[in-house]
Structures are given as C-alpha cells and as structure tokens.
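Here the structure is laid out as structure tokens; the discussion comes afterwards.
The values are calculated or read from the model by the stated rules, or taken from the named source; none is laboratory data. Small disclaimer: the values here were computed from a predicted structure and weren't measured. With ideal geometry, Cβ positions are generated from the backbone for all residues, glycine too; neighbour counts draw on all protein chains shown. To get the accessible areas, we keep the full protein, side chains included, count just its heavy atoms, and leave off ligands, DNA and RNA. Shrake-Rupley method; radii C 1.70, N 1.55, O 1.52, S 1.80 Å.
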2 protein chains.
Amino acid sequence: MTKPNARARPSHRVPKPEAGYHHGELQEALIAASEAILAEQGAEGFTLREAARRAGVSPAAPSHHFGNAQGLLTEVAIRGYEALAGALRDAASGRQGAREKLHAQGMAYVEFALKHPGRFQMMFANKRLVADDARLAQASRAAGHEFEIIIAELVGGTAKEAKTAAAAAWSTVHGFAKLALEGKFGPVRSEAEHREIMTTLNRVLNYLWPVGSARRQVQIED
Amino acid sequence: MTKPNARARPSHRVPKPEAGYHHGELQEALIAASEAILAEQGAEGFTLREAARRAGVSPAAPSHHFGNAQGLLTEVAIRGYEALAGALRDAASGRQGAREKLHAQGMAYVEFALKHPGRFQMMFANKRLVADDARLAQASRAAGHEFEIIIAELVGGTAKEAKTAAAAAWSTVHGFAKLALEGKFGPVRSEAEHREIMTTLNRVLNYLWPVGSARRQVQIED
DNA sequence: TCGCAATCTGAACAGTGTCAAGATACGCAT
DNA sequence: ATGCGTATCTTGACACTGTTCAGATTGCGA
C-alpha cells in the first residue's frame, strides 16, 4: 500500500469475527451473500464486489473458489434449480390425479418466481452463467423432469406427444411468470396484488389445461 | 489524458465524415447503433459508450437527447414493440379464421424473438428501461392488443374470459420464446435448429389451442 | 448580424470485474 | 514438533462502465 495504514488489520472480515485470515467457509458465505443480494436488489443488482464485501473478504477472493462472477452465479443458479425442483415435487405430492398435480405444479412454479424474483431471473440469464456447465444443465433438466413425470401420467400418448405437452406446460407457466415479473399483468408489490396475479394464473391454467377430458389432439402437421 | 495526444482532432466523428460538430441526426444514429449492438452482442452486450462510439460521438452526447442509458434503451424498446405489433398484425392478416390467425400470431411472436434476440430481451428487461414511460407502456399494450383482437374473435365468451384467454396465449408464446432463447429446447444457432424449434412450437400450439371446437371452459373457482 | 439556446466535447469521478504478486495460515510429511 | 508446500486471501493495478459539469462549438431566430 502506498500510505501507511494506522489500523492493524484490514476492515474486511470484521462482520465475521469468528474467521481468521482464512475464512473457512467462504464458498457458502459467498453463495449466501449472493442470494441475499438477489433477494434484496434483484438480478440486475448483483455485484461480485458487493458479494465479497458481505462475506467480509476482498474483491479478488471469490476468484479462487469460483473462477469468476459467472462461476459464483452458476452455483447460485444450480441451488435455485434444486429449490425449484423441490417446490414442484412438493406441490405434486400434495394432490392426487395427474391434472390436479399439474395444476398445483404450475401454481408452485409461478409462486416460486414471484417469491424469489432475483434468483429466478438469474437462473434463466444464461449469459451471466457458465452456459455449458454440466451440473447446471443437469439441475435444470432435473427441474424440468418434475413436470415430465406428471405429464407422462396425464397424456396417455406417445413419448413425442408427452414431450410436446411438457414443453407446452413449461412454456405456459414460465411465460406467465416472466410476464408477471415484468408487470405485464399489473404490479406485484403488495400481498394483495400477488394474490390477484395468482388467481389470474388459476384461470389461465383452468383455461389451457381443463380438468377431466383426456385431451384428444389433432394430428400434428409439421 | 495524461500524456499529450499527437492527433489534431478526436478520433470520434471520423466514421461519419458528413457530420460536423453538430451531428444533426444523433437520435436516430444512436438508436440505430444500439439496435446494431443488440443484434450483434445481445442485450447484455449493450453499452452506452459503445453506442456513442458507433455514432461517432463522445460518451456524454447521448445524455442530451435521452437523459441516460435507460432513456435510449426505452426508445429502442418502443420501436421493438411497434415492430412486434406489426409482425403480429401481418401474421393475422394472412389467414382467415380466428384459430388460424392466432396460430400464425404465435408463430410470428416466437419468430420475432428468435430473429431479434437482443432486442426482444431488452423489450422485457424492465430494470434497464424507464419503467413508467407512458409511450413504452402504450407500445407494449398495443402489441398485446393484437392478440386480444383475435382472442375476442375466438372465444365467444365474456370479457373476463377473453382476458383470461389472452393472458394464456401471451404466456404460452412468451414462455416458449424465452425458454427457446435460453437454449432449453436445444441450441438455436443454425438455421436448421431454428426450424426445429419452430416445428416444436407448432406442435405446442396445436396441443394447447386445438383447431375447431369452441372450447367450453369449466367454471373458474377462484 | 448578433445573441441565445441547442448541441457536443473533455475531463473527471465512483464503481465494476479481473489479474498478477505477494502475504498469510493450514496441514501434512518427517 | 517442526518445517515446508500449497491453498487461501490481500494489495494494487488496469481497462472498462455510466454519469456529471464546465466549457467549446454551432445553428437559428430576432
């Protein structure tokens, strides 16, 4: 340093008094800090330096564990997908009947997005993640698989039809979630507005995926 | 700069030799430059300084016309929504029958997103735009209105049901477009992959919005 | 023709991600 | 137990970014 520093030790690390020069749990601390930033400021508010600051560590420290900001965010996204998969699983396990399970999953998907907007947006911000990370791809597919399980139960058709139906279901809820987060269905700040959005979703799901009626599809002309 | 620069005049403005100190068409030049960046580098690649550079102007110049980066991007987004509305209108005008029109609009929506990924992503990146800009909101609603026109024709029901159906249609194609852009339905680089995605979309639309059959909905339990 | 307002530049500031060197501390082999 | 290699973290720097402000330049109306 150019000028002598009167303080014996750097001002970092102060909020984490239990740690010495070596943090010990820096990976976890950085991930937790990142998730906190995403929760408070949204995806655009994330900053590697801020995450390091919250973990009580210098800006360069994260690179030794995650390589770069993308690496850290990829880890956060992976956990996000795991949490999402869990939410989808839980939603389905509470109901019986494929249609009801799918409906509950759709509601849970959007609920997840509205409750954790920053995390959700980051999970689908490929350019800010390590796009070809194997674990990320796996976690994403695992979450999608939760849909496919129910879909396979719902449509009695071929695998191709199941794939189509799964893409349709995912598109529906994902599009709704994204549009809701961008305020296209009205603001989502208060709890009342949140509920408003969810009842709109309920109507949409009932409209697109009506109960009863094994849906007989027209032959698909490519 | 710290060391003297030998060049007599700044390197700006050189690529636009027809302009003097006053650019004359700086607004348009900046918008065009921004759209070029979005087309080449995607939404994350946009930079105010780079846009100014391409317009042959200093980094501070855009502020006099757009206030800040959000202002410029808002203008770009407005034009994007206008282009999208036009594409939806064109798609519907080529067909007859509400179902066919809606199907064509859905295809056009995703086609637009895949052909202009950067612009599309930016249109829905509220945090990077002037969120409460009246013209932006108007342009967005105008695009959505293109859907609603056809939907009103398709569902013979109440206004509430039409609103639900419009939200459903928009969610479907928007979700599909977003997921496709994030590579969730496979890569989209080559022209062949692009077509592959579009046939998947075709199946999805046929699945969710089957031809014929005025869809009788179950009563909605809120 | 003069003066004013619009337009643009230059320089600066705070903040960002990343990198290369060096400081520090853990843990393992001896 | 002791030394040493290595993982971990800091320091300082660099090239960027968006934005602001004072000043230079220019077009245009009176």
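The table for this structure:
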quantity	calculated
Exclusive hit being in contact with a helix residue (DSSP H, G or I) (Cβ under 6 Å, 6 or more places away or on another chain), farther than 21 Å from A:Asp90 by Cβ and polar (S, T, N, Q), set A:Ser190, A:Ser171	A:Ser171
Positions within the range B:83-142 being of a type in the set (Gly, Ala, Ser), at pLDDT below 95 and open to solvent by 20 Å² or more (accessible area, probe 1.4 Å), in sequence order	B:Gly94, B:Gly97, B:Ala131
Members of the range A:32-53 that are near DNA strand C (Cβ under 10 Å from one of its atoms) and open to solvent by 10 Å² or more (accessible area, probe 1.4 Å)	A:Gly45, A:Phe46, A:Thr47, A:Leu48, A:Arg49, A:Glu50, A:Arg53
Unmet criterion (only one of (1) more than 12 Å from chain B (Cβ to nearest Cβ); (2) touching a Leu at 6+ places or on another chain (Cβ under 7 Å)) for A:Phe176	(1)
Residues of the range B:59-74 satisfying the condition of being open to solvent by less than 10 Å² (accessible area, probe 1.4 Å) and either away from DNA strand C (no atom under 15 Å from the Cβ) or in a helix (DSSP H, G or I) (or both)	B:Leu72, B:Leu73, B:Thr74
Selected residue [more than 13 Å from DNA strand D (Cβ to nearest atom), part of a loop (DSSP other than H, G, I, E, B) and either open to solvent by less than 60 Å² (accessible area, probe 1.4 Å) or modelled with pLDDT of 95 or more (or both)] from B:Gly56, B:Gly80	B:Gly56
Qualifying positions in the range B:159-171 - farther than 18 Å from B:Tyr81 by Cα and facing another protein chain (nearest Cβ under 7 Å)	B:Thr164, B:Ala165, B:Ala168
Residues located in the range A:142-157, provided they are in a helix (DSSP H, G or I) and either touching a residue at least 24 places away in the same chain (Cβ under 8 Å) or closer than 17 Å to A:Asp90 by Cα (or both)	A:Ala142, A:Ala143, A:Gly144, A:His145, A:Glu146, A:Phe147, A:Glu148, A:Ile149, A:Ile150, A:Ile151, A:Glu153, A:Leu154
